[in-house]
1. Applying the selection to the stretch 23-79, what residues are at pLDDT 90 or above and of a type in the set (G, A, S)?
2. Can you name the residue in the stretch 18-40 that is part of a loop (DSSP other than H, G, I, E, B) and of a type outside the set (G, A, S) and, of all such residues, is farthest from V108 (Cα to Cα)?
3. Out of the residues in the stretch 46-93 meeting the condition of being among the charged types (D, E, K, R) and surrounded by 16 or more Cβ atoms within 10 Å (Cβ to Cβ), tell me which one is farthest from the chain's Cα centre (by Cα).
4. For T102, only one of the following conditions fails: (1) closer than 29 Å to N23 by Cβ; (2) surrounded by fewer than 18 Cβ atoms within 10 Å (Cβ to Cβ); (3) not charged (D, E, K, R). What is its number?
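The values are calculated or read from the model by the stated rules, or taken from the named source; none is laboratory data. The structure presented is a predicted model; accordingly, all values stated were derived computationally and were not measured. For neighbour counting, all protein chains shown are included, and Cβ atoms are generated from backbone atoms with ideal geometry for every residue, glycine included.
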Amino acid sequence: MVGAWFDVYSAHNTTALGDVPYNRTSELCRKSKLTLNIMPLFRDGSHDRIPTSLANGAAVLSDPTLYLKDIFSSNEGLYFYDISHPELIPELTHDLLSDPETLYSGIVKGRQKVEQYLSWEVFVKKLTGFL
C-alpha cells in the first residue's frame with residue numbers, strides 16, 4: 001500500500017510503503033497484481049493511477065465515476081467497489097486475487113482499453129481537435 005499513513009497500516013498479504021515519489025508508481029504497479037484506487041472528489045473523470053496500473057500489468061479496484069463506467073465493462077481489469085461500503089473491499093480483493101486466470105484476462109482487456117481510450121496519444125489527438 002502506497003500513500004500517506006499507509007506505512008502504519010498492515011493487513012494480510014500486503015506491503016505498506018507509505019509515501020513514495022511519483023516516478024516510482026509505474027515500477028510499483030509492475031510488481032503488483034492489484035491496485036486499490038480511491039478517486040479524488042470529482043465524479044466524472046479518471047485519475048492517472050488507473051491507466052498506469054493497467055498499462056503496467058496490474059488490475060485496479062476503484063470507486064466508479066461516470067467516465068470510467070462509460071469506458072470499462074465488467075471483467076476488463078477495472079473493478080468497482082461502492083465507496084459507501086469500504087468494509088467490502090477486503091472481500092472483493094480476496095475474490096479477485098483468488099482467480100488469477102480471470103484477473104489476468106481482465107488485465108489484458110483493460111490494457112487494450114487504456115490504449116484505445118486513456119493513452120497520452122489519445123488525449124493529444126482530442127486536445128489538438130479542440131485547437
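1. S26, S32, S53, A55, G57, A58, A59, S62, S73, G77
2. Of all residues in the stretch 18-40, those part of a loop (DSSP other than H, G, I, E, B) come to 19-21, 31-33, 38-40.
Filter once more, keeping what is of a type outside the set (G, A, S): 19-21, 31, 33, 38-40.
Details: D19: 28, V20: 27, P21: 27, K31: 16, K33: 12, I38: 22, M39: 23, P40: 26 Å.
My answer is D19.
3. The first filter runs over the stretch 46-93 and keeps only residues among the charged types (D, E, K, R), leaving 48-49, 63, 69-70, 76, 82, 87, 91.
Within this subset, residues satisfying the condition of being surrounded by 16 or more Cβ atoms within 10 Å (Cβ to Cβ) are 49, 63, 76.
Working: R49: 6, D63: 10, E76: 11 Å.
Out of the qualifying residues, it is E76.
4. With respect to (1) closer than 29 Å to N23 by Cβ; (2) surrounded by fewer than 18 Cβ atoms within 10 Å (Cβ to Cβ); (3) not charged (D, E, K, R), T102 is out only on (1).
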